[in-house]
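Novice: Below is one structure. I have some questions about it.
The values are calculated or read from the model by the stated rules, or taken from the named source; none is laboratory data. Computed from a prediction, not measured in an experiment: that's the story for all the values here. Reconstructed Cβ throughout: ideal geometry from the backbone, glycine too, with neighbour counts over all protein chains shown.
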Amino acid sequence: MSRTFVRFVRSFSICLTAVLGIAGVVRAGEVAIEKHDGGAKVTIDGKPFTDYLIKTGPKPILWPIFGPGERQMTRAFPMQMVSAERKDHPHHRSLWFTHGDVNGIDFWSEPSRAKQVHREFLKCEADGKQGVISTVNDWIDPTGKKQLEDERTITFRGDGDLRTIDFDITLKASEGPVKFGDTKEGTMGLRVPTAMDLKQTMGKKGGNIVNAGGDRDGNTWGKQAPWVDYFGKIDGETVGIAMLNHPSSFRYPTYWHVRDYGLFAANPFGLHDFKKLEKPEGEFTLPAGESITLRYRFVFHKGDENEAKIAEAFEAYSKETPAEPAARN
C-alpha cells in the first residue's frame with residue numbers, strides 16, 4: 001500500500017468525521033452510576049440524569065429526573081418545596097411503583113404506614129452505553145408484617161437530548177397468596193412538572209395528553225393503550241414524557257390513570273373505575289410462590305408525540321426481548 005494512498009484514507013476519514021458532526025450525528029451518552037448511602041446516582045456524560053432514592057419516604061423513587069436541555073422532568077414536591085408547583089397528593093413522589101389495595105392494605109396513599117423497604121442491590125453498574133440498577137424490596141404492612149416482595153430492574157440510556165428509563169418489576173407472592181384489589185390508585189406512577197400539566201394555570205392552557213389510539217387530554221383517562229405521551233412547555237420549549245407498555249407485561253395493554261393536574265400512571269387492576277363496572281373485575285390474586293412481571297419504558301423527549309416519533313419508539317420497544325431478572329447470590 002503506497003504512502004500516498006494511506007495519507008488519502010486518513011484525510012478522507014477526518015473529513016468524513018467532520019461532515020457527520022455537522023450533520024448532527026450524536027454518539028450515545030456515557031452512562032455512569034455511583035452508589036451512595038441513600039441510593040444510587042445516575043449521570044450521562046458527567047451530568048445528572050436521576051437518583052434512585054431508598055430513604056426519602058415509604059417507597060423507593062427516582063428523583064430528580066433531568067430530560068432535554070437538562071430540564072427537571074418530574075415534580076419536586078414533596079421532596080423539595082418549589083413555589084410554582086402544585087402541593088397536592090404528597091404520595092406522588094416523582095417516579096415510583098406501588099398499589100392502593102394489596103391484601104386490603106393501601107400502599108399508595110400517605111400516610112398509610114404501609115411501606116416498601118429496600119432490602120438489597122443485586123446490580124448497580126454501567127458499561128458506558130447503559131446503566132442498570134436491580135434491587136429487592138419487601139412490602140411491609142402497618143403492623144410490620146411482610147406481604148410480598150418485588151425485584152425491579154431499572155435501565156438508563158441517553159442519546160443526545162433523548163433520555164430513556166426502562167422499569168421492569170417482578171412481584172412475587174413470597175409470603176402466601178397476594179390479592180391486588182380493583183382500585184384506580186396505582187401502580188406505575190409519575191408526576192409531571194406543574195409547568196407542563198394539562199390543567200388550566202392562570203388562565204392559560206397547560207400541556208397535552210395523547211395515547212396510541214389518538215385519544216387526547218381527558219379522553220385518555222381509563223382507556224387501554226400501549227403508550228401515552230404527556231407533553232407541554234418548560235422554559236418556553238415543548239418537551240414530553242412518553243410511557244410505553246411492553247407487550248410481555250402483565251395484562252398488556254394496560255389501562256391509564258392519567259390526570260389533568262399531572263398524575264401519569266399505568267394501572268392494570270383498576271377496571272371497576274375505568275370501565276364503570278358494577279363488580280370489581282380488575283382484581284387479581286397471585287398464588288403463593290408465583291410471580292407476575294410488569295414492564296415499562298419512559299422516554300423523555302423534545303417536542304410532541306409526532307416530533308419525538310413515539311409510535312416508532314414503541315414499535316422498536318415492542319420487538320425487544322426483555323432481559324432476565326438479575327441472579328441472586
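Novice: Looking at Ile209, is it under 14 Å from the mean Cα position of the chain (by Cα) and crowded, with 23+ Cβ neighbours inside 10 Å? Outline the logic, then answer.
Specialist: Numbers: under 14 Å from the mean Cα position of the chain (by Cα): no; crowded, with 23+ Cβ neighbours inside 10 Å: yes.
The answer is no for Ile209.
Novice: Right, here's the next one. Just to check your reading of the model, which residue among Asp215, Asp197 is out of contact with any helix residue (DSSP H, G or I) (no Cβ under 8 Å at 6 or more places or on another chain), of a type outside the set (Gly, Ala, Ser) and at pLDDT below 95?
Specialist: Numbers: Asp215 fails: at pLDDT below 95.
Every option except Asp197 fails the conditions.
Novice: Going through Lys233, Lys199 one at a time, which residue ends up being surrounded by fewer than 23 Cβ atoms within 10 Å (Cβ to Cβ), out of contact with any Lys or Arg (no Cβ under 8 Å at 6 or more places or on another chain) and either of a type in the set (Val, Ile, Thr) or in contact (Cβ under 8 Å) with a residue 60 or more places away in the chain (or both)? Give the steps one after another, and end with the answer.
Specialist: On the way: Lys233 fails: either of a type in the set (Val, Ile, Thr) or in contact (Cβ under 8 Å) with a residue 60 or more places away in the chain (or both).
Just one listed residue meets the conditions, Lys199.
Novice: A further question on this structure: So, in the stretch 59-105, exactly how many residues are more than 24 Å from Arg295 (Cβ to Cβ) and of a type in the set (Ser, Thr, Tyr)?
Specialist: 1
Novice: If Phe264 passes every condition in (1) aromatic (Phe, Trp, Tyr); (2) part of a strand (DSSP E or B); (3) touching a Pro at 6+ places or on another chain (Cβ under 8 Å) but one, which one does it miss?
Specialist: For Phe264, the exception is condition (3).
Novice: If you don't mind, there's one more thing I want to ask. Looking for something at pLDDT 95 or above, closer than 30 Å to Glu283 by Cα and more than 20 Å from the chain's Cα centre (by Cα) - is there at least one such residue anywhere in the stretch 61-68?
Specialist: No, the stretch 61-68 contains no residue that is at pLDDT 95 or above, closer than 30 Å to Glu283 by Cα and more than 20 Å from the chain's Cα centre (by Cα).
Novice: So Glu151 passes all but one of these: (1) under 22 Å from Val31 (Cβ atoms); (2) surrounded by fewer than 18 Cβ atoms within 10 Å (Cβ to Cβ); (3) among the acidic types (Asp, Glu). Which condition number does it fail?
Specialist: (2)
Novice: Check every one of the strands (runs of 3 or more DSSP E) wholly within the stretch 78-146 and list those with 3 or more residues that are at pLDDT 95 or above and closer than 26 Å to Tyr255 by Cα.
Specialist: Once the strands (runs of 3 or more DSSP E) in the stretch 78-146 are filtered for at least 3 residues that are at pLDDT 95 or above and closer than 26 Å to Tyr255 by Cα, what remains is 95-99, 131-140.
Novice: If you scan the stretch 47-75, which residues turn out to be farther than 19 Å from Leu162 by Cα, surrounded by fewer than 18 Cβ atoms within 10 Å (Cβ to Cβ) and either touching a residue at least 40 places away in the same chain (Cβ under 8 Å) or in contact with a Gly (Cβ under 7 Å, 6 or more places away or on another chain) (or both)?
Specialist: Answer for the stretch 47-75, where residues must be farther than 19 Å from Leu162 by Cα, surrounded by fewer than 18 Cβ atoms within 10 Å (Cβ to Cβ) and either touching a residue at least 40 places away in the same chain (Cβ under 8 Å) or in contact with a Gly (Cβ under 7 Å, 6 or more places away or on another chain) (or both): just Lys55.
Novice: Starting from the stretch 104-119, take each residue that is closer than 14 Å to Ile61 by Cα and charged (D, E, K, R) and list its partners that are crowded, with 16+ Cβ neighbours inside 10 Å and modelled with pLDDT of 95 or more, counting only C-beta distances under 6 angstrom and pairs at least six apart or across chains.
Specialist: Filtered contacts from the stretch 104-119: Lys115/Pro58; Lys115/Ile140.
Novice: In addition: Does Gln80 count as under 21 Å from the mean Cα position of the chain (by Cα), farther than 24 Å from Asp150 by Cβ and touching a residue at least 24 places away in the same chain (Cβ under 8 Å)?
Specialist: On the way: under 21 Å from the mean Cα position of the chain (by Cα): yes; farther than 24 Å from Asp150 by Cβ: yes; touching a residue at least 24 places away in the same chain (Cβ under 8 Å): no.
No; evaluated as a whole, the condition is false for this residue.
Novice: Could you list, in sequence order, all residues of the stretch 152-194 that are among the hydroxyl-bearing types (Ser, Thr, Tyr) and modelled with pLDDT of 95 or more? Show your work before the answer.
Specialist: We begin by selecting, within the stretch 152-194, every residue among the hydroxyl-bearing types (Ser, Thr, Tyr); these are 153, 155, 164, 170, 174, 183, 187, 194.
Thr153, Thr155, Thr164, Thr170, Ser174, Thr183, Thr187, listed by residue number.
Novice: Would you call Arg119 closer than 26 Å to Ala242 by Cα, surrounded by fewer than 20 Cβ atoms within 10 Å (Cβ to Cβ) and of a type in the set (D, E, K, R)?
Specialist: Details: closer than 26 Å to Ala242 by Cα: no; surrounded by fewer than 20 Cβ atoms within 10 Å (Cβ to Cβ): yes; of a type in the set (D, E, K, R): yes.
No: the conditions fail for Arg119.
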